[in-house]
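Engineer: The structure's right below; bear with me while I get my questions together.
The values are calculated or read from the model by the stated rules, or taken from the named source; none is laboratory data. Given the structure is predicted, the values throughout are model-derived calculations rather than measurements. Ideal geometry is used to build each Cβ from the backbone, glycine not excepted, and the neighbour counts take in all protein chains shown. Note: areas computed on protein heavy atoms with side chains; ligands, DNA, RNA excluded. Shrake-Rupley method; radii C 1.70, N 1.55, O 1.52, S 1.80 Å.
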Amino acid sequence: MSLADPTSDTTPFLSDESEAEGLEEPRAGHSQRQEEDEPASGVSSTRALFTVGVLCFINLLNYMDRFTVAGVLPDIEQYFGIDDGNSGLLQTVFICSYMFLAPVFGYLGDRHNRKLIMSVGIAFWSVVTLASSFTPKNCFWLLLLTRGLVGVGEASYSTIAPTIIADLYVKGERTRMLSVFYFAIPVGSGLGYIVGSKVDDVAGDWHWALRVTPVLGLIAVFLLLFVVKEPKRGAIEARPEHTLPRTSWLVDMKALGRNPSFMLSTFGFTAVAFVTGSLALWAPAFLFRASVFTGERAPCSSSVCAGFYFGIITVVSGILGVASGAEVSRRLRVWTPRADPLVCAIGLLLSAPFLYLAIVFAQVSTIATYVFIFLGETFLSMNWAIVADILLYVVVPTRRSTAEAFQIVISHLLGDAGSPYLLGKVSDSLRQKDSYLWQFRSLQLSLLTCSFVAVAGGAFFLATALFIERDRQRAMNYAPSDDEPIVVPNSGRSTRVPVSSVLI
């Protein structure tokens, strides 16, 4: 006998079922037909495709906005008169607010309406981004503040969107949809460089580069509210969420900490974040300084071309990397269940030497540098969709938003939150004199760190392969232990009680 309707989040714990029992029999046939017609997620296949499309569009805007600043960074440095260390703070401040708020939105995303949370966050992000474009010349601190506030809006989206896709698709179809979703990372990043540098060039003012994404962000909010439908959490899985008790946040975190595949893949992804964060901010500036060093450009010329070309490389290499990573992983699964972490490891280990060559060859040939950066970024991008898929199948549905948030915190805290600022400070400390030669040489030496971090990331993914089979099976066959408190509705309010007190 059931104590409460398991599909309702608001039904009192001890409900009176006697009235409903008399109505169940006549409606049985109608209910059965309705269940056969309606997908388990509660979202039709067509609506699901539109939902993924909207989420991809928003993810693209997310990364486009994030790297617009990097595309016009040399102009920002000249406008405010700041050094490399302060320039790196622009990315660091944003990432810090983003990662510290991710657990908050992860907690809310596992318990409340995800579509509403994302809509409010994106609207806030759009308004703050627009406000940052009006920063006056003597107020660099104000630009830092607004970039930090942008992280609030982006945290509300990045922790939740992948879990909606996970509730719409399973297995191979989920991997394909996640691949499409994560195409937005390199494409959006590249468009950030391209659009930012071109708008800066046309308008003659970098402020206008920050006014493009806010308009598109408000369109995204409209699409999110009227096109996206909230799917039932975990209902499409073999064991829908309503058969799994909702545990407390502390229990969730302890469980994630005891999940080797999740933890090791998170550390591997941290290396990816460190490298991509460093390249995202410093690559256009480095390429511009390299062209000045080799005599291809005058020191006073615009840096727009460097950001534009790097943006094109990021878009193309990202598309190839994400697509090839997902396809290679899919084919290798026929031969080994450890395919996902192995592909991630291979991608990082192959990217390391090409990134090293790109940095070293910058003093000889700018074209060779572009070629090696393209190859390095292609192998680096093989990780994006696969890491997200690993998280979704080694973590039970009721903990996925929390796991996404935790992964965001760790990967950014130890990855791209500090790497732009760290490399900027290293560059400043290595610069022996304020000349164009040392501006290039000091940044070149600091960027070599990325190759060694990529090798360390590959090692973490190789270690993940040792545990992936066991942890996947544990997630599929998960059953709460008697000492795990669960959250049950009690007269409309959530109450934590031991599992043993509600099992019959």
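Engineer: Top to bottom by accessible area (1.4 Å), largest first, where do V395, V315, V120 land?
Structural biologist: Of V395, V315, V120, the descending order of accessible area is V120, V315, V395.
Engineer: Could you let me know the centre-to-centre spacing of the stretch 192-207 and the stretch 248-263, using Cα atoms, in angstrom?
Structural biologist: Distance between centres, Cα-based: 44 Å.
Engineer: Run the accessible area of the stretch 358-484 with a 1.4 Å probe and give the carbon-and-sulfur part as a rounded percent.
Structural biologist: The computed percentage sits at 67.
Engineer: Determine the sum of side-chain charges near C450: Lys and Arg each +1, Asp and Glu each -1, restricted to other residues whose C-beta is under 14 angstrom from that of C450.
Structural biologist: With Lys, Arg at +1 and Asp, Glu at -1, the net is -2.
Engineer: Kindly give Rg over Rh for the stretch 327-413, based on alpha-carbon atoms, with the Kirkwood expression for the hydrodynamic radius.
Structural biologist: 1.11
Engineer: Among W384, W335, W208, what's the order by accessible area (1.4 angstrom probe), most exposed first?
Structural biologist: The residues order as W335, W208, W384, largest area first.
Engineer: Excluding V227 itself, what net charge comes from residues whose Cβ is under 15 Å from its Cβ, given Lys and Arg +1 and Asp and Glu -1?
Structural biologist: In short, +3.
Engineer: A follow-up question, please. Please report the Cα spread of the stretch 81-122 along all three principal axes, rounded to whole Å, starting with the longest.
Structural biologist: 44, 17, 6
Engineer: Here's another thing I want to ask about it. List the pairs from K115/K254; K198/K229; K115/K425; K171/K198; K171/K232; K229/K254 whose alpha-carbon separation is above 29 Å, in the order I gave them.
Structural biologist: Flagged as over cut-off: K198/K229; K115/K425; K171/K198; K229/K254.
Engineer: Let me ask you something else. Counting Lys and Arg as +1 and Asp and Glu as -1, what is the net charge of the other residues whose Cβ lies under 13 Å from the Cβ of S132?
Structural biologist: Taking every other residue near S132 into account, the sum is +2.
Engineer: Still on this structure, I have one more. Once you place label points 7 Å from the Cα toward the Cβ at Y79 and N477, how far apart are they in nm?
Structural biologist: Reported label-point gap for Y79 and N477 is 5.9 nm.
Engineer: So for the stretch 100-211, Kirkwood radius off the Cα pairs, Stokes-Einstein at 4 °C and 1.567 mPa s: how many µm² s⁻¹?
Structural biologist: Once the numbers are plugged in, D ends up at 81 µm²/s.
Engineer: Run the quick spin-label model on V360 and V334: label points 7 Å from Cα toward the beta carbon, then report their separation in nm to one decimal.
Structural biologist: Here the modelled spin labels are 3.8 nm apart.
Engineer: Please state the Cα pair-distance histogram of the stretch 426-474 with 5 angstrom bins from zero: what percent is in each bin?
Structural biologist: 5, 18, 16, 11, 10, 9, 8, 7, 7, 5, 3, 1
Engineer: Ignoring ligands, DNA and RNA, how do F140, F100, F460, F354 rank by accessible area with a 1.4 Å probe, largest first?
Structural biologist: From most exposed to least exposed: F100, F460, F354, F140.
Engineer: Heavy atoms of the protein only, probe of 1.4 Å, neighbouring chains included. What is the accessible area of W206 in Å², nearest 10?
Structural biologist: Roughly 10 Å² of W206 is accessible to a 1.4 Å probe.
Engineer: Describe numerically, in nm with one decimal, the distance between label points set 7 Å from Cα along Cα→Cβ at E469 and at A203.
Structural biologist: Those two pseudo-labels are separated by 5.6 nm.
Engineer: I'd like the FRET efficiency for L218 and N138, computed as 1/(1 + (r/R0)^6) with the beta carbon distance as r and R0 of 35 Å, rounded to 0.05.
Structural biologist: 0.70
Engineer: Counting other Cβ atoms within 10 Å, keep those with at most 13, restrict to DSSP loop, and tell me which trypsin sites (Lys or Arg not before Pro) in the stretch 356-436 are left.
Structural biologist: Listed in order of number, the matching sites are K433.
Engineer: How much solvent-accessible surface does L375 expose, in Å² to the nearest 10, with a 1.4 Å probe and all protein chains in place?
Structural biologist: For L375, the solvent-accessible surface is approximately 60 Å².
Engineer: What FRET efficiency comes out for the pair K229/A368, r = Cβ-Cβ distance, R0 = 56 Å, nearest 0.05?
Structural biologist: 0.70
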